[in-house]
Amino acid sequence: MAEWGWDRPTGKSSAGGAASGTEDSAEDTRVRLQKALANAGVASRRACEALITGGRVTVNGQVQRELGSRIDPETDEVRVDGVVVQLDVSKRYFVLNKPRGVVSTMSDEQGRPDLREFTDQIEDRLYNVGRLDTDTSGLLVLTNDGELAHKLAHPSFGVQKTYVAKVRGRVTAAVIQQLLDGVELTDGHIKADAAKLLPGGSSRSHSLVEITLHSGKNRIVRRLLAHVGHPVEELVRRQFGPLHLGTLKVGEMRELSTGERGALLSAAEGNAKGTGGARGNRGQITAGRPGDGKGARGMRGVAKRGNPKRGKA
């Protein structure tokens, strides 16, 4: 069961806002585009220049090919291959594989294990993007970007989340179809965006079901599966929007790569503009960055770096 991640106790400038010019000015707070990209970790300065001249960089929606162009990192939106680049290097984004038994809050009044166990090495104040039930493990996004955290957690955003559930009983094709068609719960109609029985996951007593939905209602996965006659015994969240848990172990946390940050920001921006960014098929993001020859999407194999370890049992 370990392969499924079960927890075992252990404002913008006007269009074309990038201005050309090669001379530095003490009064000009803007920076050269290739320098801003390199500082953001997109690629080396030379590789960033190639991205610009190759027409792969846009500033406020317009392709920018001029190497001498300048931007304002605080107001201009820059994208590489359509993926937003976070130019504010003070903004940090993490993914945690939350264990069961940990409350999704930075401080619990009842003294239960909380998220501070994993963030005490981070000086910034972090916000968790949404919540996971205490008895649910899996992917939880943490960030010091309070505005983004609020946007992604808001019910109207509708970010897709994928779970693997170990449920009681043998799940049949008819049950899967029922999940896809939807059911009436006490707080309204709900249906899965996707659902399937995992290979080898069905026995007389238990089944493994993968389910994707965008509802942010409380304990919705457990309530939905219980309604169709298969109460959840174990639940792990494997995916949140474009982010995938990958190989991150239970109780470990890592900082997002440049590509992952861009994908998360792009999804949020796309949804805000009504383009369905949160629910669109953008591919799973687990590593990689624009300009590294691998692209910003579809990368496999999560790199672990600087993971804070659990402080309590």
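Every number here is computed from the coordinates shown, using simple stated rules; none is lab data. Since the structure is predicted, the reported quantities are computational estimates derived from the model, not experimental observations. Note that each Cβ is placed from the backbone with ideal geometry, even for glycine, and that neighbours are counted across all protein chains shown.
Under the criterion of Cα pairs below 8 Å and six or more residues apart, the relative contact order for region 153-197 equals 28 percent. Please work out whether region 48-179 counts as rounded, prolate or oblate from its C-alpha gyration tensor, where a ≥ b ≥ c are the square roots of the eigenvalues and a/c under 1.5 means rounded, while otherwise a/b larger than b/c means prolate and anything else oblate? Oblate. Residues in region 186-191 carry Karplus couplings, in order, of 4, 10, x, 6, 9, 9 Hz; the curve used is 6.51 cos²θ - 1.76 cosθ + 1.60 with θ = phi - 60°, and Gly or Pro positions show x. Here the Kirkwood formula, the inverse mean of 1/r across different C-alpha pairs, assigns region 93-273 a hydrodynamic radius of 17.1 Å.
Taken as Cα centroids, region 164-225 and region 80-108 sit 27 Å apart, rounded to the nearest whole angstrom.
Between ASN39 and ALA173, residue separation times 0.36 nm minus the direct Cα-Cα distance comes to 43.2 nm. Starting from the Cα of MET106, move 7 Å in the Cα-to-Cβ direction to define the label point; list residues of region 54-93 whose amide nitrogen is under 20 Å from there. Answer for region 54-93: 88-93. Name all residues of region 148-171 having a backbone nitrogen under 20 Å from the label point set 7 Å from the Cα of SER202 along its Cα→Cβ direction, giving them as ranges. Residues passing the 20 Å test: 163-171.
Which net charge results for the neighbourhood of ARG237, defined as the other residues with beta-carbon distances under 9 angstrom from its beta-carbon, given Lys and Arg at +1 and Asp and Glu at -1? Taking every other residue near ARG237 into account, the sum is +3. Across region 183-232, the relative contact order, built from alpha-carbon pairs under 8 Å that are at least six residues apart, equals 32 percent. Set against the 2.2 N^0.38 Å expectation for a compact globular protein, region 31-84 has a Cα radius of gyration ratio of 0.94. If you take all other residues with their beta carbon under 12 Å from the beta carbon of VAL103, and give Lys and Arg +1 and Asp and Glu -1, the sum is -1.
Summing Lys and Arg as +1 and Asp and Glu as -1 over all other residues whose Cβ lies under 13 Å from the Cβ of GLY54 gives a net charge of 0.
Across region 31-84, the relative contact order, built from alpha-carbon pairs under 8 Å that are at least six residues apart, equals 36 percent.
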